[in-house]
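Notes for the one structure printed next.
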Amino acid sequence: SWVPSPSTARHLFYGVLIGFSLSFATTSAISAYRKRTEDGAMTRADLRPIELRSDEVLDGVTGLIGNTPLVRINSLSDALGVEILGKAEYLNPGGSVKDRVALRMIEDAERDGLLEPYTGSRIFEGTVGSTGISIATIARARGYDTTIIMPDDVALEKVKALEALGANVERVRPASIVDKKQASLPNLAREYALHFTNSGTHGTSKRSFSSNHAHPHIVKETASSGAVVVLNGNGNGHASFDEEKSRSHRRGFFADQFENRSNFDAHFTGTGPEIWRQTNGEISGFVAGAGTGGTIAGTGQFLKSMAEDILVVLADPEGSGLYNKVKHGVMYDRKESEGTRRRHQVDTVVEGIGINRITKNIELALPVIDDAFRITDAEAVSMARFLVQRDGLFLGSSSAVNLVACVKLVRKMGWGNGEKVVTVLCDSGARHYSKFWDDAYLSKAGIPIDVGIVQDLLTQPFPPMSSITKI
């Protein structure tokens, strides 16, 4: 057999050694390059506000609702030594937190057999705007028409958005829910839904919380679905109607966001769990305003179910009675006195939150609310302008109220060690150009525009611990 000479053996050995070294070096270089590429990709991903996956395609406009990011409010967080985090609900496709509620109300109605797409059915709601826009958005995608009844003094941007979505808009002078001379927005919406249904077929419906005994040919609230329907009853609490016929004909559906349990459920199963996951369960306080009460009720109850020591705090604007209800047990506001209002409903430039009656959703909220803060119009305007200047965040009036309350909560509790306080950024400033963001309107209403109000609130010294009232 052939045996290489010593010289040939040396050459073969060196060749193998060099080849192995080159292979190892090449593999190492490739691995290093891949790691740098991956690290760079991770860095770029970390900088993106919302992570998008190439294999994820959402199902229509409703697929865009929910799973909104938490955004750190840098200016407030840095000034206070805490983490002020806003749930960016204005990124929903309808532009507000109400997208969650509208979707849940419609889905629940469909699940209960109360609505059927593409039957000429129409959804009715009384609202100051955001819920109506959300309903109109989803209704258009699901095959329904909409009629939205709203106050005649809301920002014009909301009216134009509704009209662009094909909704019929009825603008009326606002009235209290208990005003006997004039129907409130919810009562008008209910009446319109009944009239619409009765002019075509039987039955109008909404989800609700309680049940009554059925009687022939009256409105009945069923316990199983929570629906209110005009039925033929047999008097023993059981409804009887031709479900197949009902599904094939048009009907008027009164969404009734104030009393509708779906409102609460949307936040208990959606907003609350999302916040818990996004904060890894490390959350000291949750702050929200209340219009219908669904957001603070559903989110607050979920968070309390996960950790009882989380503080749930109400942010209440001027003219609303909820602050006094939480603090003193009485639903009353001093500006309810005759002749002291600037306008004819809740006395505030803030739209979307504040109310002077107890709704079913607020009833669910009251047991979990630990504290409340009254926020003035001047404070809300100051916060909105401050955030634009310092953070580039262009937010609506209710978002500004929520963030002022966050600052007040941190000050009251003496926090400053990185505690996490989460609130809701309900909508953007784009819906408030003609009022909240209109300097001439604010001047005429006597509301100052002073960024210094928030600056003073941030820089004032912490109160001594002994002076902090126990919540």
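Over 10 Å intervals from 0, what percent of Cα-Cα pairs in region 397-440 sits in each interval?
25, 40, 24, 11, 0
Note down the accessible area of VAL404, probe 1.4 Å, to the nearest 10 Å².
The accessible area comes out at roughly 0 Å².
Kindly rank 269-280, 148-159, 131-142 from highest to lowest mean number of other beta carbons found within 10 Å of each residue.
131-142, 148-159, 269-280
Residue by residue through region 401-416, which ³J(HN,Hα) values in whole Hz follow from phi under the Karplus form 6.51 cos²θ - 1.76 cosθ + 1.60 (θ = phi - 60°), with glycine and proline marked x?
Listing the rounded values in order: 4, 4, 6, 4, 5, 4, 4, 5, 5, 4, 5, 5, 7, x, 6, x Hz.
Based only on the alpha carbon positions, what is the Kirkwood hydrodynamic radius of region 79-130, in angstrom?
After inverting the mean inverse Cα-Cα distance, the result is 13.8 Å.
Cα atoms only: what Rg and Dmax, in Å, come out for region 107-175?
For region 107-175, the Cα-based Rg and Dmax read 12.2, 36 Å.
The values are calculated or read from the model by the stated rules, or taken from the named source; none is laboratory data. All of these numbers come straight from a predicted model, not from anything done at the bench. Quick reminder, even Gly has a Cβ in these numbers, built from the backbone with ideal geometry, and neighbours come from all protein chains shown. Side chains are part of the model used for accessible areas, which takes the heavy atoms of the whole protein and leaves out ligands, DNA and RNA. Shrake-Rupley method; radii C 1.70, N 1.55, O 1.52, S 1.80 Å.
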